[in-house]
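What follows is a set of notes on a single structure, which appears directly below.
The values are calculated or read from the model by the stated rules, or taken from the named source; none is laboratory data. Worth saying up front: this structure is predicted, and the values here are computed from it rather than measured. Methodologically, a virtual Cβ is constructed for each residue, glycine included, from the backbone with ideal geometry; neighbour enumeration extends over all protein chains shown. All accessible areas refer to the heavy atoms of the entire protein, side chains included, with ligands and DNA or RNA removed. Shrake-Rupley method; radii C 1.70, N 1.55, O 1.52, S 1.80 Å.
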Amino acid sequence: MTVVIKVGGARAVDPAGALADVAALVADNEDVVVVHGGSTKVDETLERLGVEPEYVETPSGVVGRFTDETTMEVFEMAFGHLNTQLVAGLQSLDVDAVGLNGVDGKLLYGPRKSAVRVVEDGTKKIRRGDHSGTIKQVNGDLLESLLSDGYTPVAAPPMAGDDDGEIIPVNTDADRSAAAIAGELDATLVLLTDVEGVYADPDDPGTLIESVETSDDWAALEAAAEGFMGRKIMAAEEALDGGSPEVVVADANADEPILSALSGGGTHVHASALQEDTQ
C-alpha cells in the first residue's frame with residue numbers, strides 16, 4: 001500500500017503524532033509520501049514584515065491567497081523552513097526522509113496563472129501580478145525512485161510554473177498538491193486537519209460523516225463542506241478522479257492520527273462515490 005499524508009499548516013495542528021505514525025508505517029515497509037502546507041507560517045512571516053496577507057474570492061466562491069512577488073518570496077522561505085523541520089523530525093525517528101518542493105525535478109508542474117478573476121464588493125475583476133499555478137503533471141517517476149530506494153519524500157509547494165517556457169516557482173494549494181500526488185501514485189490519501197472529519201452539521205462534532213460510498217453520500221458530503229473544508233473535498237475529488245482508491249479526512253491531533261485514520265477514524269471517501277455518478 002502507498003499512502004500520501006497531507007499534514008496541515010494551521011496553528012492548531014501539532015505534527016508530532018503524524019510524524020510518529022509515518023515512522024511506524026515506514027518501519028512496517030509501507031511506502032509513504034508526506035505533503036505539507038504552511039499558509040499560517042506564511043501569514044505570520046508577512047505580518048512580521050509589516051505586510052498584510054491578502055485573500056481574494058473567485059467568482060465560484062473559493063477563497064484563496066493572492067500571491068504577489070513579495071508574498072511569493074516569503075512563501076518560498078516559510079515553506080522551505082517547514083520542510084526542513086519536518087525532514088529533521090522524521091530523521092530523528094530513523095526515517096530516511098528527503099525534502100522536496102514542487103520545482104525539484106518538476107515534481108509539480110503546470111502553467112502559471114499571472115492573472116486571476118476575483119470578486120470585490122460584488123464586482124468581478126481581473127487581478128494581475130499573481131504568482132500561482134495549476135498542477136497538470138506530477139513526476140511520479142521521481143517519487144517512485146525515491147520510495148524504491150528506501151527514502152520517504154516530504155514534498156510541498158511551490159510548484160514549477162511554466163510562464164511562456166520559463167520555469168518559475170509559483171504558489172499552489174497544498175491539499176490539491178497532495179491530491180495530485182496521490183492520484184499519480186494510485187495511493188490512499190489522508191488529509192489531516194484540526195477537526196475529526198467532515199460534519200453533516202459543521203457546528204456539531206456529533207454529526208461526523210464516517211463513510212461516503214454512493215453518489216447520494218457524495219452530494220451530502222459536498223453540501224456539508226463549508227469554508228476550508230470545501231477545499232479539502234475539492235482535493236478529495238481530484239485525488240479520486242486521478243486514481244486514488246480512498247481519501248480520509250481526519251484529525252491531526254488524535255492519538256496516532258494516521259494509524260487511526262487508516263483503521264476507520266475520520267471521514268472515508270471511496271472512489272465508488274464518484275464512479276457511481278459516471279455510470
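Considering only residues that are in contact (Cβ under 8 Å) with a residue 60 or more places away in the chain and charged (D, E, K, R), which ones fall in the range 160-218? Walk me through how you get there before you give the answer.
Initially, the range 160-218 is screened for residues in contact (Cβ under 8 Å) with a residue 60 or more places away in the chain, giving 167, 169-183, 185-194, 196-198, 212-215.
Correct list: D173, D175, R176, D186, D194, E196, E213.
Identify, please: which residue in the range 226-246 is modelled with pLDDT of 95 or more and touching a strand residue (DSSP E or B) at 6+ places or on another chain (Cβ under 7 Å) and is, among those, surrounded by the fewest Cβ atoms within 10 Å (Cβ to Cβ)?
P245
How do the strands (runs of 3 or more DSSP E) wholly within the range 1-86 filter down when requiring 1 or more residues that are farther than 19 Å from L143 by Cβ and under 16 Å from the mean Cα position of the chain (by Cα): which remain? Show your work before the answer.
Numbers: elements: 2-7, 31-36, 55-57, 63-65.
Hits in the range 1-86: 63-65.
Okay, residues lined up against (1) touching a Pro at 6+ places or on another chain (Cβ under 6 Å); (2) of a type in the set (A, V, I, L, M); (3) open to solvent by less than 60 Å² (accessible area, probe 1.4 Å):
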{"residue": "K6", "(1), (2), (3)": "no, no, yes"}
{"residue": "A18", "(1), (2), (3)": "yes, yes, yes"}
{"residue": "V22", "(1), (2), (3)": "no, yes, yes"}
{"residue": "V26", "(1), (2), (3)": "no, yes, yes"}
{"residue": "V33", "(1), (2), (3)": "yes, yes, yes"}
{"residue": "L46", "(1), (2), (3)": "yes, yes, yes"}
{"residue": "V56", "(1), (2), (3)": "no, yes, yes"}
{"residue": "P59", "(1), (2), (3)": "no, no, no"}
{"residue": "G64", "(1), (2), (3)": "no, no, yes"}
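State all residues of the range 247-261 that are open to solvent by 10 Å² or more (accessible area, probe 1.4 Å) and under 14 Å from K6 (Cβ atoms); if no residue qualifies, say none. Spell out how you get there, then give the answer.
Quick first cut of the range 247-261, residues open to solvent by 10 Å² or more (accessible area, probe 1.4 Å) only: 251, 253-256, 259-260.
If the condition is that a residue be open to solvent by 10 Å² or more (accessible area, probe 1.4 Å) and under 14 Å from K6 (Cβ atoms), then D251 is the only one that fits.
If I filter the range 241-248 for residues that are outside any loop (DSSP other than H, G, I, E, B), in contact (Cβ under 8 Å) with a residue 60 or more places away in the chain and over 17 Å from the mean Cα position of the chain (by Cα), do I get at least one hit? I'd like the intermediate steps shown before the answer.
We begin by selecting, within the range 241-248, every residue outside any loop (DSSP other than H, G, I, E, B); these are 241-242, 246-248.
Next, from what is left, pick out any that are in contact (Cβ under 8 Å) with a residue 60 or more places away in the chain: 242, 247-248.
Now restrict to residues that are over 17 Å from the mean Cα position of the chain (by Cα): none.
Within the range 241-248, none of the residues are outside any loop (DSSP other than H, G, I, E, B), in contact (Cβ under 8 Å) with a residue 60 or more places away in the chain and over 17 Å from the mean Cα position of the chain (by Cα).
If I ask for residues that are closer than 14 Å to T2 by Cβ and either open to solvent by 40 Å² or more (accessible area, probe 1.4 Å) or aromatic (F, W, Y) (or both), which ones from the range 164-209 would you list?
Passing the criteria: E184, D186.
Kindly provide the set of residues from the range 167-190 that are assigned to a strand (DSSP E or B), closer than 16 Å to A250 by Cβ and in contact with a Ser or Thr (Cβ under 9 Å, 6 or more places away or on another chain), ordered by number.
Taking the range 167-190 as the starting set, the residues that turn out to be assigned to a strand (DSSP E or B) are 167-171, 188-190.
Applying the additional criterion that residues be closer than 16 Å to A250 by Cβ yields 188-190.
T188, L189, listed by residue number.
Inside the range 73-94, can you point out the residues that are in contact (Cβ under 8 Å) with a residue 40 or more places away in the chain and either touching a Gly at 6+ places or on another chain (Cβ under 6 Å) or hydroxyl-bearing (S, T, Y) (or both)? Lay out the reasoning, then the answer.
Quick first cut of the range 73-94, residues in contact (Cβ under 8 Å) with a residue 40 or more places away in the chain only: 75-76, 78-79, 81-83, 86-87, 89-90, 93-94.
Correct list: A78, F79, L82, N83, V87.
Could you check the range 118-151 and list, in sequence order, the residues that are assigned to a loop (DSSP other than H, G, I, E, B), touching a residue at least 24 places away in the same chain (Cβ under 8 Å) and loosely packed, with under 12 Cβ neighbours inside 10 Å? If you could, list the steps in order and put the result at the bottom.
Taking the range 118-151 as the starting set, the residues that turn out to be assigned to a loop (DSSP other than H, G, I, E, B) are 121-122, 134-136, 139, 149-151.
With touching a residue at least 24 places away in the same chain (Cβ under 8 Å) added as a condition, the list becomes 134-136, 139, 150-151.
Once the filter is applied, which keeps residues that are assigned to a loop (DSSP other than H, G, I, E, B), touching a residue at least 24 places away in the same chain (Cβ under 8 Å) and loosely packed, with under 12 Cβ neighbours inside 10 Å, the range 118-151 yields only G150.
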